[in-house]
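*Asks:* Okay, here's the structure, questions in a sec.
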Amino acid sequence: MKHIPNGARPSKKAPESDFTGTVWQDAINDAPAPARVRVVKVRFEPGARTAWHTHPFGQTLYCIEGLGLARSEGGPLIELRPGDTIWIPPGEKHWHGASPTTSMTHIAVHETLDGKAADWMEKVSDAEYSAS
Ligand code: MN
């Protein structure tokens, strides 16, 4: 059993290449091989969001704070509130983030394929982000 105490892993700022706005990532679990599950707490400041992307084995998002937004390509805009779960199937192009005025924190659970948990695409434009 491995105990990873609070503070042992500093919060990381999400890379500008794959995110818009300020996003903080706190690893909950990076289990060593052969496990490949990744669990991360992600906090998006107001207006912040991911770029468009897919996950090789899909992704579960569980909202724990604030008010968020998420959309799959061609799908409806989903408002995320604390206690809400969304499941994104493998290969489905999507984005997620905070609402324009309110921050949002979710727990993200996904698995890696050859060490990679996401395939990143273009940024979500302001027009895409503000579309209802
Ligand atoms: Mn995702």
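*Asks:* Given the DSSP H assignment, sum -39500 (n - 2.57) over each helix run of at least 4 residues in the chain and divide by its residue total; what's the result at 222 nm in deg cm²/dmol, nearest 500? Present the calculation step by step, with values, prior to reporting the outcome.
*Replies:* On the way: 1 runs with 5 residues, N = 132.
Theoretical 222 nm ellipticity from helices: -500 deg cm²/dmol.
*Asks:* Still on this structure, please answer the following. Which whole-Hz ³J(HN,Hα) couplings does region 118-128 yield from phi under the Karplus relation 6.51 cos²θ - 1.76 cosθ + 1.60, θ = phi - 60°, glycine and proline marked x?
*Replies:* 8, 10, 8, 10, 5, 5, 7, 5, 4, 5, 5
*Asks:* Once you put a point 7 Å from the Cα of Trp87 and another 7 Å from the Cα of Trp24, both along the Cβ direction, what distance in nm separates them?
*Replies:* 3.1
*Asks:* While we're on this one: Would you mind checking which residues have amide H under 5 Å from Ile28's amide H? H placed 1.01 Å from N; only 5 or more apart, or other chain.
*Replies:* Long-range HN contacts for Ile28: Val39, Val40, Lys41.
*Asks:* Moving on to the next point. Counting pairs of alpha carbon atoms under 8 Å apart in space and at least six apart in sequence, what relative contact order in percent does the chain give?
*Replies:* Numbers: 326 pairs, mean separation 38.5, N = 132.
Once divided by the residue count of the chain, the mean separation gives 29 percent.
*Asks:* Moving on to the next point. How would you rank Met121, Met1, Met104, going from fewest to most other Cβ atoms within 10 Å of each one's own Cβ? All intermediate terms of the calculation are to be shown ahead of the outcome.
*Replies:* Working: Met121 15, Met1 2, Met104 27.
Least to most surrounded, the residues fall as Met1, Met121, Met104.
*Asks:* To make sure I understand, if each residue's beta carbon is the centre and we count other beta carbons within 10 Å, what order do Thr101, Thr60 fall in, fewest to most? All intermediate terms of the calculation are to be shown ahead of the outcome.
*Replies:* Numbers: Thr101 8, Thr60 15.
By the 10 Å Cβ count, ascending, the order reads Thr101, Thr60.
*Asks:* Return the sequence-ordered ³J(HN,Hα) values of region 80-86 in whole Hz as given by the Karplus equation 6.51 cos²θ - 1.76 cosθ + 1.60 applied to θ = phi - 60°, using x for Gly and Pro.
*Replies:* Once rounded to whole Hz, the list reads 9, 10, x, x, 7, 10, 10.
Each reported figure results from applying straightforward, stated rules to the coordinates on display, with no laboratory input. Fair warning: this is a prediction, and the values are worked out from it, not measured in the lab. So basically every Cβ, Gly included, is an ideal-geometry build from the backbone, and we count neighbours across all protein chains shown.
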